[in-house]
Amino acid sequence: MWNRIQTAVELIYPPRCLGCGDLVTSDFGLCGPCWRDTPFIGGTICESCGTPLPGDTDGHRIECDDCMTTPRPWKDGRAALLYTGRARRMILALKHGDRPELARPAALWMARAGKDLLREGMLIAPVPLHWSRLVKRRYNQSALLAQHLGRETGLAVCPDLLIRAQRTPVLDGKTAAERAETLSQAIAPHPKRRHRMAARDVLLVDDVMTSGATLAACARACLNAGANHIFVLTLARVAKDA
């Protein structure tokens, strides 16, 4: 019976490419041209932030210049896409274009990119959104990604592990130092949830990493609350040469 219902639904609403809307063979997929045009990250990467790097791995830990200059308060980080071209358009659609259905396939890509980060008993938590922005957008895209990532990996998710106690200004155009200063007092553990991260590894999830200031503020809040190791996983990474 279920197969018949599914077939009927597919006939009425055939699967379409998330990038261009053309027909595809399965839901939550990309057509061939869109897949080729989507900048998935692969090869040699920075172990701390996931940005792609030239050259081959040599068995030693590799970090980009930014992560060597400013050590991250988390252990390792990964990203699925470069924040450019088609990937940027899809993320903006998820974030501002009322396209929450994009979170499910995005979380699948993130799970593949972050497979080396996953630990037994790890707690997944999204970067928080201030309530005023949540009212305006109606959903936190990072929380959607975290929820789907939890379903894909089987790990526990705490959507309100952290809170954004202050509404910060838009960070676009600010330097890394300015971003860090703006966020220094903005993010804190939820007083009724902080016990969930005590002595536990935490995976922080966000849509895009630019300088890493927001994720750093979240990581410090978790560490100050007694978390064990912090890992970060984002849908996309802004790279200098992207």
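The values are calculated or read from the model by the stated rules, or taken from the named source; none is laboratory data. Keep in mind that this is a model prediction, so the values were computed, not measured. Ideal geometry is used to build each Cβ from the backbone, glycine not excepted, and the neighbour counts take in all protein chains shown.
Where residues in the range 53-76 are surrounded by 12 or more Cβ atoms within 10 Å (Cβ to Cβ), modelled with pLDDT under 95 and out of contact with any Cys (no Cβ under 8 Å at 6 or more places or on another chain), which of them is nearest to LEU215 (Cα to Cα)? Checked the range 53-76; the qualifying residue nearest to LEU215 (Cα to Cα) is THR70.
Among the residues of this structure, GLU152 does not count as one that is out of contact with any strand residue (DSSP E or B) (no Cβ under 6 Å at 6 or more places or on another chain) and farther than 29 Å from ALA199 by Cβ. The residue of the range 148-168 that is surrounded by the fewest Cβ atoms within 10 Å (Cβ to Cβ), among those that are among the aliphatic types (A, V, I, L, M) and modelled with pLDDT of 95 or more, is ALA156. Of the residues that make up the range 45-54, is at least one farther than 24 Å from ASP201 by Cα and β-branched (Val, Ile, Thr)? The answer is no, given that none of the residues of the range 45-54 is farther than 24 Å from ASP201 by Cα and β-branched (Val, Ile, Thr).
Residues checked against (1) closer than 29 Å to GLY212 by Cβ; (2) modelled with pLDDT under 85; (3) surrounded by 12 or more Cβ atoms within 10 Å (Cβ to Cβ); (4) of a type in the set (Val, Ile, Thr):
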residue: LEU18; (1), (2), (3), (4): yes, yes, yes, no
residue: ASP22; (1), (2), (3), (4): no, yes, yes, no
residue: GLY32; (1), (2), (3), (4): no, yes, no, no
residue: GLY42; (1), (2), (3), (4): yes, no, no, no
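Comparison of LEU117, LEU81, LEU129 shows that the only residue that is assigned to a loop (DSSP other than H, G, I, E, B), under 13 Å from THR234 (Cβ atoms) and among the aliphatic types (A, V, I, L, M) is LEU117. Given the structure, is ARG138 at positive phi and at pLDDT below 95? So ARG138 fits the description; yes.
Is the range 171-180 home to any residue that is among the aliphatic types (A, V, I, L, M), at pLDDT below 95, touching a Leu at 6+ places or on another chain (Cβ under 9 Å) and surrounded by fewer than 19 Cβ atoms within 10 Å (Cβ to Cβ)? I'd like the intermediate steps shown before the answer.
In the first step, residues of the range 171-180 are kept if they are among the aliphatic types (A, V, I, L, M); the result is 171, 176-177, 180.
Still in the list and also at pLDDT below 95: 171, 176-177, 180.
When the remaining residues are screened for being touching a Leu at 6+ places or on another chain (Cβ under 9 Å), the result is 171.
The next check asks that each one be surrounded by fewer than 19 Cβ atoms within 10 Å (Cβ to Cβ); those that pass are 171.
Yes, the range 171-180 has at least one match.
All conditions but one from (1) within 17 Å of TYR83 (Cα to Cα); (2) in contact with a strand residue (DSSP E or B) (Cβ under 9 Å, 6 or more places away or on another chain); (3) surrounded by fewer than 24 Cβ atoms within 10 Å (Cβ to Cβ) apply to VAL205; the one that does not is (3).
Hey, among the residues in the range 207-231 that are outside any helix (DSSP H, G or I) and closer than 15 Å to ASP76 by Cβ, which one's modelled with the lowest pLDDT? Looking at the filtered set, the residue picked out is GLY212.
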